[in-house]
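Data block below; observations after.
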Amino acid sequence: MVLGAGGTTLDDWHGHYAQRTSGLSASEVRALFAVASRPEVVSLAGGMPAVSALPLDSITETMNKVMREQGAAALQYGSGQGLPMLREQILEVCALEGIEASANNIVITTGSQQALDLITKLFIDDGDVVFAESPSYLGALGIFRSYQADVRHVETDESGMIPEALEEAIAVARADGKPMKFLYLIPNFQNPSGVTLSAERRPRLIEIAKRHKILIIEDNPYGLLWFDTPSPAAMRSIDEDGIVYLGSFSKMFAPGFRVGWALAPHAIREKLVLAAESAILCPSALTQMVISDYLATSDWQAQIDVFRGLYRDRRDAMLSALDEFLPGYHRTEPNGGFYVWLTLPEYLDSKAMLPRAVTELVAYTPGTAFYTNGMGRSHIRLAFCYPTPEAIHEGVRRLSEVIRQESELIETFHPKIPDITQLSHVVSPPPDLA
Ligand SMILES: Cc1ncc(COP(=O)(O)O)c(C=O)c1O
């Protein structure tokens with residue numbers, strides 16, 4: 001008899017899992033990626049970079065060259081902190097956002113997602129407080145949950161997190177007797193809102209965090225992908241002791257290499273390396289070498305310009321399609337990155353509406369994915385990075401049709417709800433992005 005071959009769907013290990021796994025749940029995006037991969041669906045869901053705009057032939061040549069010239073080292077284990085040469089090159093990338101640092105304080109990770117995991121593992125005990133924007137990146141929220149953090153969303157508007165709201169949230173957490181560990185921020189072209197934290201608020205948030213001895217995690221994968229005006233200098237350029245800065249090659253180059261980095265104050269850096277070594281021994285030497293060669297031999301800043309132009313066109317296509325098909329609906333106006341945050345009438349539930357959207361061959365990410373507290377029901381994140389401008393136009397048209405159908409259905413049961421054609425004047429910004 002083969003043990004475990006019974007084919008039962010019951011989980012035999014139920015009751016054995018570590019308590020912290022109670023926070024693990026399939027991300028709302030995972031299911032969407034499966035749906036969105038069907039060619040007939042216009043996916044405004046996943047934040048997939050437009051990698052087809054990369055010079056694939058020359059990247060292939062770089063990979064061949066790395067194997068030809070340094071094959072043995074590329075296939076070997078390497079430093080837990082990451083390739084010294086690449087850490088030096090990362091300083092040049094950081095300098096574009098005003099950061100001066102030492103390569104010694106950089107730890108290369110398997111995407112910035114792993115850096116987020118490691119830093120959370122280092123600092124968060126069950127019930128510790130993490131302050132995050134409202135809404136915030138679902139991948140970070142998943143990590144915080146898996147370490148049983150108590151995530152508190154702080155009110156955010158079109159200029160990013162509101163300093164006074166952070167002060168209030170800190171006072172509440174203090175009154176609750178909770179240890180406060182992180183202030184997690186995505187200052188540029190935030191995921192999911194597309195909003196940028198204003199230059200004026202950056203030092204204020206730093207001052208508040210310092211005063212309360214809360215570590216800032218500055219997660220900045222999109223900073224170089226600005227459209228109209230460069231993003232303000234990184235928070236890490238203002239303060240180096242109280243900030244762990246996370247960068248990534250995923251959006252400025254390609255996510256498939258899975259290379260990101262953490263720039264940390266010296267003491268934290270040492271612990272990060274230990275945690276990284278215990279998790280994965282070392283990041284992939286092969287992909288680090290390919291990126292290092294790409295940075296050394298190609299005009300990578302010109303490639304970033306190509307991405308900027310492409311994403312700017314798609315942002316414009318998204319905003320003009322929203323103007324055409326959903327006039328008057330509140331939406332953010334990102335100056336970079338991948339996302340627009342759309343507010344629906346309050347009576348619509350974006351998660352409940354998703355199956356109808358998929359039937360109409362359009363996908364998006366429901367707002368609830370970006371909160372740990374059930375908020376976001378009447379919001380959706382629209383990603384404009386991947387589909388062509390024509391597909392974005394069609395996708396938003398389909399979305400408006402879904403909203404019309406859903407509203408009509410609700411109207412049938414709740415006739416007090418206003419006529420969809422009148423909605424342009426009644427949809428107001430959400431309280432958290434007013
Ligand atoms: C805000 C933010 N942080 C981190 C990540 C993870 O990126 P990486 O591919 O570097 O792991 C993403 C990916 O979408 C993101 O949007």
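The values are calculated or read from the model by the stated rules, or taken from the named source; none is laboratory data. If you're wondering where the values come from, they're calculated on a predicted model, not measured in any experiment. Neighbour counts are summed over all protein chains in view; Cβ atoms, including those assigned to glycine, are modelled from backbone coordinates with ideal geometry. What goes into the accessible areas is simple: the full protein's heavy atoms, side chains included, and nothing from ligands, DNA or RNA. Shrake-Rupley method; radii C 1.70, N 1.55, O 1.52, S 1.80 Å.
Projecting label points 7 angstrom from Cα along Cα→Cβ for S52 and A352 puts them 3.7 nm apart. For the chain, set up a GNM with springs between Cα atoms under 10 Å and report which of V151, V66, V362 has the largest fluctuation. Checking each option, the largest mean-square fluctuation is seen for V66. For a modelled paramagnetic label at Q19, 7 Å from Cα along Cα-to-Cβ, the residues of segment 101-127 in reach, with backbone nitrogen under 13 Å, are 125-127. Based on protein heavy atoms only, the chain ends up with 44 Å² per residue of surface accessible to a 1.4 Å probe.
Summary value for segment 57-297: 29 percent relative contact order, contacts being C-alpha pairs under 8 angstrom separated by 6+ residues. The C-alpha atoms of the chain define a longest principal axis, and helix 266-280 lies at about 80 degrees to it.
With Rh defined as the Kirkwood radius, the inverse of the mean 1/r over Cα pairs, the Rg/Rh of segment 57-297 is 0.98. Listed cross-link partners K213/K351; K210/K351; K121/K213; K65/K251 are compared with a 26 Å cut-off, the Cα-Cα value being larger for K213/K351; K210/K351. Pairs of C-alpha atoms in segment 269-394 farther apart than 17 Å represent 70 percent of all such pairs.
Using the Cβ of V259 as centre and a radius below 14 Å, the other residues enclosed give a net charge of +2, where K and R count +1 and D and E count -1. For segment 98-164, the square roots of the Cα gyration tensor eigenvalues, ordered a ≥ b ≥ c, give a/c of at least 1.5 with a/b no greater than b/c, which places it in the oblate category.
Rounded to the nearest 10 degrees, the angle from helix 111-123 to the longest Cα principal axis of the chain is 80 degrees.
Each part gets one Cα centre, and for segment 117-171 versus segment 182-252 those centres are 14 Å apart. Within the accessible area of segment 57-297, the carbon and sulfur atoms contribute 54%, probe 1.4 Å, all protein chains present.
For segment 179-264, just say rounded, prolate or oblate: build the C-alpha gyration tensor, square-root its eigenvalues into a ≥ b ≥ c, call rounded for a/c under 1.5, and beyond that prolate if a/b exceeds b/c, oblate if not. In terms of gyration-tensor shape, oblate.
Mean residue ellipticity at 222 nm, helices only, the chain: -13000 deg cm²/dmol; runs of at least 4 DSSP H residues each add -39,500 (n - 2.57), and the sum is divided by the number of residues. Here the chain has an Rg and Dmax of 22.4, 72 Å, counting Cα atoms alone. Shown is the FRET efficiency for Q405 and D316, computed with R0 = 45 Å from the Cβ-Cβ distance and rounded to the nearest 0.05: 0.95. Each Lys and Arg Cβ is given +1 and each Asp and Glu Cβ -1; about its Cα centre, the chain then shows a dipole of about 700 debye. For segment 358-401, the fraction of 1.4 Å probe accessible surface lying on carbon and sulfur atoms is 52 percent. Within the shell of other residues whose beta carbon sits under 13 angstrom from the beta carbon of P163, the net charge comes to -3, with Lys and Arg scored +1 and Asp and Glu -1. Report note on the peptides 330-340, 370-380: ranked by the mean count of other C-beta atoms within 10 Å, highest first, their order is 330-340, 370-380. The ratio of the alpha-carbon radius of gyration of segment 203-306 to the globular-protein estimate 2.2 N^0.38 Å is 1.23. Since only A391, Y77, A209 are under comparison, the one whose Cα sits farthest along the positive direction of the charge dipole of the chain, derived from C-beta charges on Lys, Arg, Asp and Glu, is Y77.
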